[in-house]
Amino acid sequence: MRILAIQNIECEHLGTLEGLFTKDNYSIDSILASKERLPDNLDGYSALIVLGGPVSANDNLEYLRREESLIREAIDRCMPMLGICLGSQLLAKVIGGRVYRGDLKEIGWYTVNLTEEALRSVFRGLDDTLLVFQWHNDTYEIPSTATRLAYSRDYENQAFMIRNAIGLQFHVEVNEHMIQEWLEEYSYELDPSKKDSILDEVKHRQGILEHTARVVYKNLSSMISLYKYRGNLEYER
């Protein structure tokens, strides 16, 4: 099965999820959208993943509009799609939600609450509160057609789902090396004193990050397999 993974900057990639996909013999096409051409459509793919980046979903950038077109196609096909951070904001925008600058920049470790719908779907197998790694300022509203999956004290929309498309404001894919990269790449966003505390904490929380990534991956992989199976049935007809 082939997956299209869209990056918006080199340092925001599939991270822990890549190893899980490759171990299960998925074929991954990773494309850096700001520098490489995206495919015209999703023919031949079984899932779409759109990752994070430093730009806003509202920026007037041609490659973001191409990403939105592919997200819209995934929704129309009921193809499994995962949007992380910027990817979730693009998904929210595509389905009619408003993306805007939040009141609080979240960088570091935060707790989110999972809804009952979340615990029956992509977060099945986790507790109803989850420690996650965040790096965002923009946030979004979701329309009534979408289902909220997670929320927090400061942001009412931390994750949502529409059909087989999932948006996560937080990062389930990160590992210690990625966080170190981000602390260098995005150092201008961060108080220097906070950098050391984030690095200290990640050493103790790597196991939590890996467990969350594995659970989300397992549930997403099940969605992809079901989508592929249904597609084969349609083909046989």
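Taking segment 88-97, which residues are more than 15 Å from residue 56 (Cα to Cα) and surrounded by 17 or more Cβ atoms within 10 Å (Cβ to Cβ)? Within segment 88-97, 95 is the sole residue that qualifies. Taking the criterion of being surrounded by fewer than 19 Cβ atoms within 10 Å (Cβ to Cβ), part of a strand (DSSP E or B) and acidic (Asp, Glu), the only residue of segment 98-120 that qualifies is 103. Only one entry of 87, 83 meets the criterion of being under 26 Å from residue 176 (Cα atoms), in a strand (DSSP E or B), at pLDDT 95 or above and within 16 Å of the chain's Cα centre (by Cα), and that entry is 83.
Quick one: would you say residue 1 is at pLDDT below 95 and of a type in the set (A, V, I, L, M)? Walk me through it before giving the result.
Values: at pLDDT below 95: yes; of a type in the set (A, V, I, L, M): yes.
Answer is yes for this residue.
Picking from residues in segment 187-231 that are surrounded by 15 or more Cβ atoms within 10 Å (Cβ to Cβ) and aromatic (Phe, Trp, Tyr), the one that is nearest to residue 2 (Cα to Cα) is 227. So, in segment 121-150, of the ones that are polar (S, T, N, Q) and assigned to a strand (DSSP E or B), which residue ends up surrounded by the most Cβ atoms within 10 Å (Cβ to Cβ)? The selected residue is 139.
Exactly one residue among 191, 154, 127 is within 18 Å of residue 210 (Cα to Cα) and among the acidic types (Asp, Glu), and that residue is 127.
The values are calculated or read from the model by the stated rules, or taken from the named source; none is laboratory data. Every value quoted in this text rests on a predicted model; they were computed, and no experiment measured them. For neighbour counting, all protein chains shown are included, and Cβ atoms are generated from backbone atoms with ideal geometry for every residue, glycine included.
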